[in-house]
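The values are calculated or read from the model by the stated rules, or taken from the named source; none is laboratory data. Predicted, not measured: the structure shown is a model, and the values here were computed from it. Positions of Cβ are backbone-derived with ideal geometry, glycine not excepted, and every protein chain shown enters the neighbour counts.
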Amino acid sequence: MTIQEMNRLGWQDSLNTPVVRNDGALPTARTEVLHYPTTTFERLLLLVIIVLIPLEDTIPAVGGFSLLFMAFALVAAYIVIHRSRALARVWLHPVLLAGYVLIFVGFLSEFFHPFSNYRSLMSLGLMFVGAIFIAALCRDRAALRFGMYAYIIASAWLSVLLFMSSYGALNRATAANFKEASRLRSKVAKDIPVGGDLNTMAFLAVQGGTVALALTLTSRSPLRRTVYAGSALLCLVAAFLPMSRGGAVIAAVSTAAVLSAYRIKRVQAAAIGVMLGVGVLMIVPSAVFSRMQGMTSEMQGRKEIYDAAWNSIPKVALLGIGAGNYWEEWALNNGFSVRGSVLGAHNTYFQIIIFWGLPALISLLAMIWLTYRCFPKRCDLDPLALCLPGIGISLFLVTFFTHTFYDKWYAVGFGLLVGTRLWIWPDGIVPPMRQE
């Protein structure tokens, strides 16, 4: 097949494409792997999946399957049928290999412990499968651009709903301490028209806010810069409305990561960061900050869970105690329950080591390190690349506040990072380009 024929069929680059040299020497060869440029349909698939994430707990399931699960299934079917070569290149990426090791270690631990339950491992496996298909879908800058726009759209519509349902009540209310703020939070949560965990809502708002901030820094068009800046302010303020302490930390650190990554104009980035921070502090109702301070019985309860997790490490370090065993009886007898209700460790790392031991934790840390390696160097040279630190850092930070380590936003985040490293910046370095 000639190069011209491959281009007509949709191949973007070719293996062993001849490169003519000016000195008259024999042609050399490129070592780029063939891949298809994305179609509009593929970009829309990526956009729809990301936009639907905040609705996962709101839209009723059909036949036991959520709408988001069916959207992932549609992507999977499309990729298997139409992009099998791209799929073959993705599934052995080092990030995913580390994930397979994690699943294997977890399987061994469950097998050798009583009350074996493989539900968490199945969910974890589905998360990695989803990441594989997202990576196979995000093969060029056009797809990545749709993905970044999708983050902004998803966070923006969620933020608008949070403002409409809770901002007025929070602004009128007063809360002198953490306990009063928590009661106010429970009251306001009933008026939010979408389902799901409040901490998750805060996290999802942050992701869109950091993407919008990155595009604010890199946009040359005054109109676009204004739209992106307004979106960033909207999403980051909304991230505080669920009154999530973890969400506030993720918002602060993730925006700082984007600002520090923009090294081209440090002074401009610092100025925008200060203005954004002042804007958030001025707009967020004071009752929200009452929940960020003080020590109460609820906060003490969280500390007791962490203490129990830390003290249990020497007993479970080898192969853990198994996820099924944990939920069946072990947690009840080892300080992970309140009034007879079993609680998770509220931390991914504690939960992994308790479930499946140090080998699983090492696999998880290896996967995180390899994901970090997917960040391209000099991401400030490309607007889309600058969006990645905000997404990646927010995913990393949320692991410190949740013990559910297989949610669909992980599949999207891992998939985008793996895809950009495989297809868009395979050498890990962003070349200079015109800012958007």
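Structure notes:
- Cβ pairs under 6 Å, 6+ apart, first in the range 220-234 and free of Cβ contacts under 8 Å to residues at least 12 places away in the same chain, second assigned to a helix (DSSP H, G or I): Arg225/Thr216
Matching residues to (1) in contact with a Phe, Trp or Tyr (Cβ under 8 Å, 6 or more places away or on another chain); (2) under 30 Å from Leu233 (Cα atoms); (3) modelled with pLDDT under 95:
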{"site": "Phe111", "(1), (2), (3)": "no, no, yes"}
{"site": "Asn117", "(1), (2), (3)": "yes, no, yes"}
{"site": "Ala131", "(1), (2), (3)": "yes, yes, no"}
{"site": "Met148", "(1), (2), (3)": "no, yes, no"}
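- Subset of the range 173-204 (residues that are charged (D, E, K, R), in a helix (DSSP H, G or I) and at pLDDT 85 or above): Arg185, Lys187
- Lone qualifier among Ser186, Ser182 - being without any contact (Cβ under 8 Å) to a residue 40 or more places away in the chain and over 20 Å from the mean Cα position of the chain (by Cα): Ser186
- Residue check for Ala323: over 20 Å from Phe112 (Cα atoms) and surrounded by 16 or more Cβ atoms within 10 Å (Cβ to Cβ): no
- Exclusive hit being under 19 Å from Ser394 (Cα atoms), among the aliphatic types (A, V, I, L, M), surrounded by 16 or more Cβ atoms within 10 Å (Cβ to Cβ) and modelled with pLDDT of 85 or more, set Val288, Val227, Val249: Val249
- Residue under evaluation Trp310, criteria (1) aromatic (Phe, Trp, Tyr); (2) surrounded by 14 or more Cβ atoms within 10 Å (Cβ to Cβ); (3) more than 24 Å from the chain's Cα centre (by Cα), criterion not met: (2)
- The lone exception for Asn22 - which of (1) part of a loop (DSSP other than H, G, I, E, B); (2) modelled with pLDDT of 90 or more it fails: (2)
- Scanning the range 386-422 for residues that are touching a helix residue (DSSP H, G or I) at 6+ places or on another chain (Cβ under 6 Å) and not in a helix (DSSP H, G or I) returns Thr399, Phe401, His403, Phe405, Tyr406.
- Flag if Leu92 is surrounded by fewer than 18 Cβ atoms within 10 Å (Cβ to Cβ) and outside the structural domain of Pro285 (by TED's automatic domain parsing): yes
- Checked against the criterion of being under 22 Å from Leu416 (Cα atoms), at pLDDT below 90 and under 25 Å from the mean Cα position of the chain (by Cα), the candidates Leu67, Leu52, Leu74, Leu45 yield just one match: Leu67.
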